[in-house]
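Below: the structure, in structure tokens.
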Ligand SMILES: NC(=O)c1ccc[n+]([C@@H]2O[C@H](COP(=O)([O-])OP(=O)(O)OC[C@H]3O[C@@H](n4cnc5c(N)ncnc54)[C@H](O)[C@@H]3O)[C@@H](O)[C@H]2O)c1
């Protein structure tokens, strides 16, 4: 059985990736610091015989090295990161710690470990910045991050590529668009909307709701990451996108229609409420994912409407998932410049 490390495996994408890898007969070692956003709900039903967990900050080089030497994994998927743009406006330091220093530490650990191991680093479409015209960013587009979050992700991407060129580290980068699906921390847009719909609360939409994002079902992303592990070329980055863009207002309306079609009662307080915009809020992200499609033969499989429907039903059926978190963590408005 192939052994791999997933860092940040108690987060949204990390936990879905672990489930996916175990289903595909991998043994997974999860390294997670367990920050405010951790939850292992998705991991409740995995086969624990194929799984090990270490509560660990990826900045702890001594322990990371010890785990590498002891378990000799074939690869590391790095998903450990601070991820909420609004929080990066309020407290950028943590983003430098985990997203830049943490990656530096992983690279140094790999260098010192010395054996062949592949690093698949999970980055974001946000590094390309605001794409205002109708175009889509390719892997050759310039990086132009707007928030401390996206700047920290851009920094680590550059650091990784420098370690490939200078030290021969075997690494690939994936730049993915917005993920949706089961088990996402409820401060993010889709779970916030679902929680509020189910609790008769207004639906807060930043600015005028015209910010457009490309959305991919989390399992499609996970399959893309496994494809990169198996077929990705050292020193290459791969965009992972669905090609489906929708603005926040239309997304909210679509979700409301899905709920109505299920004959679920919607309370009278469930109304779109425009709230003050995030400073530096990029209007549009959009990826050109031809490289991974043509070179690695990956394709997204999930249709957006049915994926959103499935996602709503997951939160509806797993309502107790929301009880894992203090409500204070996802109700307080963050990211307003002081
Ligand atoms: N969610 C998206 O739409 C999206 C899109 C593109 C890329 N990404 C990237 O995917 C990765 C995972 O995102 P997510 O949405 O699952 O985030 P998340 O916030 O749900 O999970 C992040 C996990 O990382 C852990 N973590 C944070 N700092 C750590 C550290 N120093 N050491 C060890 N663990 C640490 C947290 O405890 C948490 O469990 C991130 O790198 C993010 O930039 C996310």
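Coordinate-derived values only; no laboratory data. None of these values were measured; they are calculated from a predicted model. Here the Cβ positions follow ideal geometry from the backbone for every residue, glycine too, while neighbour counts run over all protein chains shown.
On a 0 to 90 degree scale, rounded to 10, what angle separates helix 61-71 from the longest Cα axis of the chain? Its long axis makes an angle of about 70 degrees. Rounded to the nearest 0.05, the FRET efficiency derived from the C-beta distance between residue 262 and residue 3 at R0 = 56 Å is 0.85.
What's the FRET efficiency of residue 250 with residue 135 using the Cβ-Cβ distance as r and R₀ = 25 Å, to the nearest 0.05? Step by step, r from the Cβ atoms, then E = 0.75. Dimensions of the chain along the principal axes, based on C-alpha atoms and rounded to the nearest Å, stand at 61, 44, 42, largest first. Computed over the stretch 211-270, the convex hull of the alpha-carbon atoms projects to a mean area of 6.0 nm². Here the stretch 1-81 is described by how far its Cα atoms reach on the three principal axes: 32, 31, 17 Å, from widest to narrowest. Calculated over the stretch 113-207, the projected area of the Cα convex hull averaged across directions stands at 8.9 nm². Across the stretch 161-232, Cα-Cα pairs more than 16 Å apart make up 66 percent of the total. Highest-first packing order for the peptide set 74-84, 130-140, 31-41 is 74-84, 31-41, 130-140, based on the mean count of other beta carbon atoms within 10 Å. Let me know the shape class of the stretch 54-143, please: from the alpha-carbon gyration tensor, a ≥ b ≥ c as square roots of the eigenvalues, rounded when a/c is under 1.5, otherwise prolate if a/b is greater than b/c, or oblate. Note, shape of the stretch 54-143 comes out oblate. Only Cα pairs under 8 Å and 6+ residues apart enter the sum, and on that basis the relative contact order of the stretch 79-219 stands at 26 percent. The order of the peptides 90-98, 256-264 by mean Cβ neighbours within 10 Å, most packed first, is 90-98, 256-264. For the stretch 211-338, relative contact order (Cα pairs under 8 Å, six or more residues apart, normalised by length) works out to 40 percent.
Listing 147, 141 from fewest to most neighbouring C-beta atoms within 10 Å gives 141, 147. Report summary: the helix-based calculation at 222 nm, which adds -39500 (n - 2.57) for every DSSP H run with n ≥ 4 and divides by the residues of the chain, gives -11500 deg cm²/dmol. From the alpha carbon centroid of the stretch 123-202 to that of the stretch 42-108 is 17 Å.
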